[in-house]
Amino acid sequence: MEYLIDLTLVFLLSTVKFAFAFPFAAISLRLNFHEILFTTSTGGIAGVFFFAYLTKPFMRLWKLFLNSTGLRKEKIRVREPKKVNYKRFRRVIKLKRNYGLFGLALFTPIIISIPVGTFIAVRFFNNSRKTLIMLVSFVLVWSIVLSYIITSLDGYYEYFTLW
């Protein structure tokens, strides 16, 4: 029973913050390569699908909230409009053009969390099969790579613990 609870914790952790699930699974729970690979990859894939299909209802609720509270209404400005930082805007456009969906999917499981990266991917690149396939494939790639790295450090766990 305790084993199933441990696997569930790794699964749930990998749905939200994928990179933190690997040290937790290997160092704290002492899971082997196959257990880490299975639980983190299924958790990451479940997180991608969950947050991809949750994005549209969340945006509808957000728009409803803004309209009902009056925060969305335009206010008349008396002073001149604020200057737009074109340098920053150009960087964002350049980043999107150079890396696109591939770069976002590459960094979503590791640097960006799965909920945030999936939300951005669905908003910028639409909720298509290509977007979901790209996100899921990089979750699988990173799961294999990190599972291999963390299990190859098997004898060095005592150097990573703080107490």
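The values are calculated or read from the model by the stated rules, or taken from the named source; none is laboratory data. In this text, all values refer to a predicted model and were calculated from it rather than measured experimentally. We place every Cβ from the backbone using ideal geometry, glycine too, and count neighbours over all the protein chains shown.
Quick rundown of the values:
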item	result
Lone unmet requirement of (1) over 27 Å from Ser28 (Cα atoms); (2) among the β-branched types (Val, Ile, Thr); (3) modelled with pLDDT under 90 for Ile133	(3)
Where a residue in segment 27-40 is more than 16 Å from Val139 (Cα to Cα) and its partner, wherever it lies, is part of a helix (DSSP H, G or I) and acidic (Asp, Glu), with Cβ under 7 Å and at least six apart	Leu29/Asp6
Unmet requirement for Thr151, which otherwise passes all of (1) over 20 Å from Thr40 (Cβ atoms); (2) crowded, with 17+ Cβ neighbours inside 10 Å	(1)
Residue list for segment 116-156, restricted to those being of a type in the set (Gly, Ala, Ser), more than 20 Å from Trp62 (Cβ to Cβ) and in contact with a helix residue (DSSP H, G or I) (Cβ under 7 Å, 6 or more places away or on another chain)	Ser143, Ser147
Residue list for segment 103-135, restricted to those being of a type in the set (Ser, Thr, Tyr) and part of a helix (DSSP H, G or I)	Thr118, Thr131
Some residue of segment 90-102 being modelled with pLDDT under 80, touching a helix residue (DSSP H, G or I) at 6+ places or on another chain (Cβ under 9 Å), in a helix (DSSP H, G or I) and not acidic (Asp, Glu)	yes
